[in-house]
Structures are given as C-alpha cells and as structure tokens.
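The values are calculated or read from the model by the stated rules, or taken from the named source; none is laboratory data. Model, not experiment: these values are computed from the prediction. Cβ: placed from backbone, ideal geometry, glycine included. Neighbour counts: every protein chain shown. Side chains included, ligands, DNA and RNA excluded: accessible areas come from the protein's heavy atoms. Shrake-Rupley method; radii C 1.70, N 1.55, O 1.52, S 1.80 Å.
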Amino acid sequence: MTSQSQSASTRRGALIVVEGLDRAGKSSQCEMLREYLSKGGNAVKYIRFPDRTTPIGQLIDSYLRGSANQDDHSIHLLFSANRWELAKSIEQDIASGTTVIVDRYSYSGAVYSAAKGNPTLSLDWAWLPEIGLPRPDICLFLSISAEEAAKRGGYGAERYENETMQTRVRELFRSLFGRQEDIAVIDAGKSLEEVSIDIQSVVADCIGRLDATGPLRTLGPLAK
Ligand code: Z5A
Ligand code: MG
C-alpha cells in the first residue's frame, strides 16, 4: 500500500468540545467520555483551555488567580493565542485518527471576555481572533441552572467566579449559540451517569456522520 492510499484509508478523529458555565460538570464529563471512547477502541486525547502549562498559559493563570492585571483586550488575545499555539497539534491528531476532547474552547473565550461589559469588547469583536481555528464537529453545551450549580459548591476564588459574571455569561452563551452550528445542548442538571449517557449518544451520532462531514473544518465568522 502506498503512503498516499494509507493516509486516505485512515479515518480522521472527531473534534469534540465541551462547554458550559462554572460547575456544569465539563471536566467530569470529559473524563467520562474519554474513558467511554477509549473502551470502544478509539484513540482519544483530552485537552483543556486555558492550557496553563505554556508560557502564555502561565500569564493567563496569574491573571485568573488575580496576581496580575491585564487590559481586557490583551488578556482576551492571550486566551486566543493559547488556542492557536495548540491548533497545529490538534489538526495533526485529528488527521491521524485521534479524537480530541476539548474542555472549554473559543465559545468560552468569546463570552467571558464580552461579559465584562467593556464597550470596545463586544461579542463580535471577541470572536474575530477565533476565525481559522479548528472547528469542532460538535460542541456540547452543558446547560445548568444557577440553583443547580449552587448545590455543587460555592464560587471559587478566581476572577469571573461571581454571580454577575456568570449571569452575563449564561446570556451570552445563548446569544452566541444562536449564531453557530453544530451545538448540542445537554441538560447537565441530571446525575453524572445520566448526563454521560446523553453525551455518548450525541457523540456517537457525530462520529457516525464524520464521512459525510469530510475533513476537519475551520471556524468562520459569526452569523449575523
Ligand atoms: N476562560 C476565559 O475567560 N477565556 C477563555 O478563552 C477560556 C476560559 C478557555 C477557568 O476555566 C476560567 O477561564 C473560566 C473561564 C475562563 N472562568 N470561570 N468561571 P477552567 O475551565 O479552568 O475552570 P474549571 O474550574 O476547571 O471548571 P469549572 O467550570 O469550574 O468546573 P467544571 O469542569 O464544569 O465542573 P467539574 O469540575 O466537572 O465539576 C464541578 C463539581 O460538580 C465537582 O465537585 C463535581 O463532582 C460536581 N458535579 C459535576 N457533575 C455533577 C452532576 N451531574 N451531579 C452532581 N455533581 C456534579
Ligand atoms: Mg473544569
């Protein structure tokens, strides 16, 4: 077999993003999905944003912990740069047949920055640096009420972990998802296992459609 026909026969992996507000259960569900897909014989990788391990990620970490301040636009672009620095490796993994599960992505990037209410940092402005990044085959939005989230513990100590921000973030996610395709809203107020089963069914459907979807796409501008 030539290397060309070999690569043609390798089925690409899926790019699966998990989004949601604080304590929606994103990281727990990413881990459960990783385990489920691995057991099914799939090559799987898990990554999370912000990736606090890179030099850019360390700047973001200091900002989130409150030990450093940044201009709103500047920190926004650093969050985006943190995704761009992993974009090539995501593309390579997907091309080689590995499914990549991503814990928060461009959607968090746009809504958390826009939620600050800075008049020169709108949702539309915030989306611009995301254009051209690998486009998720599916984005699972773990939807949870403020009451349900509160049962999972109080707010943490990081920036953004307060009621005003979370309320704005909730509204902005809704508005962003009205302008995006391939979003699946999951009721995250159920038990861990029930949520996991709902996610598995959406992901199975997404993986089943990959041949029809074709090669990995890139994020485009927001619909008007
Ligand atoms: N941010 C940004 O501004 N710009 C960007 O571009 C990006 C992010 C990418 C840090 O994110 C901050 O960065 C975040 C957005 C901003 N700010 N806020 N707020 P992070 O991802 O590092 O934050 P995190 O602390 O890892 O995630 P999280 O949102 O707080 O939690 P989670 O991952 O959704 O939930 P969890 O850790 O899986 O579960 C939370 C608890 O609930 C835990 O005790 C679980 O056992 C429990 N849990 C989970 N599911 C259930 C169910 N179904 N039933 C009962 N209990 C449950
Ligand atoms: Mg998490």
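Could you size up the charge dipole of the chain around its Cα centre, putting +1 on the beta carbon of Lys and Arg and -1 on that of Asp and Glu, and report it in debye to the nearest 20?
On the way: 26 positive and 29 negative charges, 54 e Å.
Computed charge dipole of the chain: roughly 260 debye.
Given the Cα-Cα distance of ASN118 and VAL185 and 0.36 nm per residue of separation, how much length would full extension add, in nm?
Separation in residues times 0.36 nm, less the Cα-Cα distance, equals 21.3 nm.
Can you tell me the dipole magnitude for the stretch 1-120 around its Cα centre, using point charges on the Cβ only (Lys, Arg +1; Asp, Glu -1), in Debye to the nearest 20?
Value, rounded to 20: 280 debye.
Could you work out what % of the accessible surface of the chain is carbon and sulfur, using a 1.4 angstrom probe and leaving DNA, RNA and ligands out of the count?
Roughly 53 percent, rounded to a whole number.
Counting only heavy atoms of protein chains, what accessible area per residue, in Å², does the chain have with a probe of 1.4 Å?
Per residue, the chain has an accessible area of 48 Å².
Give me the Å³ per residue figure for the convex hull around the C-alpha atoms of the stretch 23-115.
Working: hull volume 9.5 nm³, N = 93.
For the stretch 23-115, the hull spanned by Cα atoms encloses 102 Å³ per residue.
Sequence gap of 8 or more, or different chains, plus Cα separation below 17 Å: how many lysine pairs satisfy both in the chain?
Taking the Cα cut-off of 17 Å, the pair count is 5.
Can you tell me, using C-alpha contacts under 8 Å and at least 6 residues apart, the relative contact order of the chain as a whole percent?
Working: 329 pairs, mean separation 69.4, N = 224.
Relative CO of the chain lands at 31 percent.
With labels modelled as points extended 7 Å from the Cα through the Cβ direction, what inter-label distance (nm, one decimal) is found for ASP72 paired with GLU163?
For ASP72 paired with GLU163, the spin-label model returns 2.2 nm.
Calculated from DSSP H runs of 4 or more alone, at -39500 (n - 2.57) each and per residue, what is the 222 nm mean residue ellipticity of the chain, nearest 500? Before the final figure, lay out the partial values.
Details: 10 runs with 112 residues, N = 224.
Theoretical 222 nm ellipticity from helices: -15000 deg cm²/dmol.
Stretch ALA81-SER145 to full length: gain in nm at 0.36 nm per residue minus the Cα-Cα span?
20.0 nm
In the chain, what is the volume of the convex hull around the alpha carbon atoms, normalised per residue and reported in Å³?
Expressed per residue, the convex hull around the Cα atoms of the chain is 125 Å³.
Taking 0.36 nm per residue of separation and subtracting the Cα-Cα distance, what length does fully extending GLN92 through GLN200 add? Before the final figure, lay out each step's value.
Details: separation 108, 0.36 × 108 = 38.88 nm, distance 2.40 nm.
Extra length from GLN92 to GLN200 when fully extended: 36.5 nm.
Measuring from label point to label point, each 7 Å out along Cα→Cβ, what is the ASP61 to GLU171 span in nm?
Result for the modelled spin labels: 3.4 nm.
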